[in-house]
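To keep things clear, I will list the structure first and then write my remarks on it.
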Amino acid sequence: DLIVDALKRKGGTAVEPKKEYVFAVPLATEKDVLELAFQLEVGAARAYLSVVAVSIKNKLASSASRILTDEVLHATVLRSVLWRDVVPTFRLIEN
């Protein structure tokens, strides 16, 4: 909702979600699904981080910052579920 609102304020239109998604990786096990979810959360966090970096002086930065914290939290929880060690900085979260 934050993204849709930000797009509308800028005169844009949000894209509707697809009814079905096809992934390029196998999703045969619970671990496969968790690994994919982890990679998607890390990618999303990196995307929002880049938005904050280039738009620090506007309202979009505020929305992106709030979403960024959620994405990092999701990735952190998934790291734990996947039995990966805690990392000291976000730059190392993908390992």
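The values are calculated or read from the model by the stated rules, or taken from the named source; none is laboratory data. A quick note: this is a predicted structure, and the numbers were derived from the prediction, not measured. Using ideal geometry, Cβ is built from the backbone for each residue, glycine included, and neighbour counts are taken over all protein chains shown. Areas reflect the complete protein model, heavy atoms only, side chains present, ligands, DNA and RNA absent. Shrake-Rupley method; radii C 1.70, N 1.55, O 1.52, S 1.80 Å.
Suppose we filter Ala45, Ala6, Ala14 for residues that are under 20 Å from Leu68 (Cα atoms), part of a loop (DSSP other than H, G, I, E, B) and within 18 Å of the chain's Cα centre (by Cα); which single one remains?
Checking each option against the conditions leaves just Ala14.
Which pairs turn up if I take residues in the range 1-22 that are within 21 Å of Ser62 (Cα to Cα) and look for partners that are hydroxyl-bearing (Ser, Thr, Tyr) and outside any loop (DSSP other than H, G, I, E, B) with beta carbon separation below 8 Å, at least 6 apart in sequence or on another chain?
Pairs that qualify, where the first residue is within 21 Å of Ser62 (Cα to Cα) and the partner is hydroxyl-bearing (Ser, Thr, Tyr) and outside any loop (DSSP other than H, G, I, E, B), are Leu2/Ser63; Ile3/Ser63; Asp5/Ser63; Ala6/Ser63.
With modelled with pLDDT under 85 and either more than 28 Å from Asp1 (Cβ to Cβ) or in contact with a Cys (Cβ under 7 Å, 6 or more places away or on another chain) (or both) as the only criterion, which of Arg84, Arg46 stands out? Reasoning before the result, please.
Numbers: Arg46 fails: either more than 28 Å from Asp1 (Cβ to Cβ) or in contact with a Cys (Cβ under 7 Å, 6 or more places away or on another chain) (or both).
So the residue among Arg84, Arg46 that is modelled with pLDDT under 85 and either more than 28 Å from Asp1 (Cβ to Cβ) or in contact with a Cys (Cβ under 7 Å, 6 or more places away or on another chain) (or both) is Arg84.
Would you be able to tell me the number of residues in the range 13-34 that are modelled with pLDDT under 90 and open to solvent by less than 50 Å² (accessible area, probe 1.4 Å)?
Count: 1.
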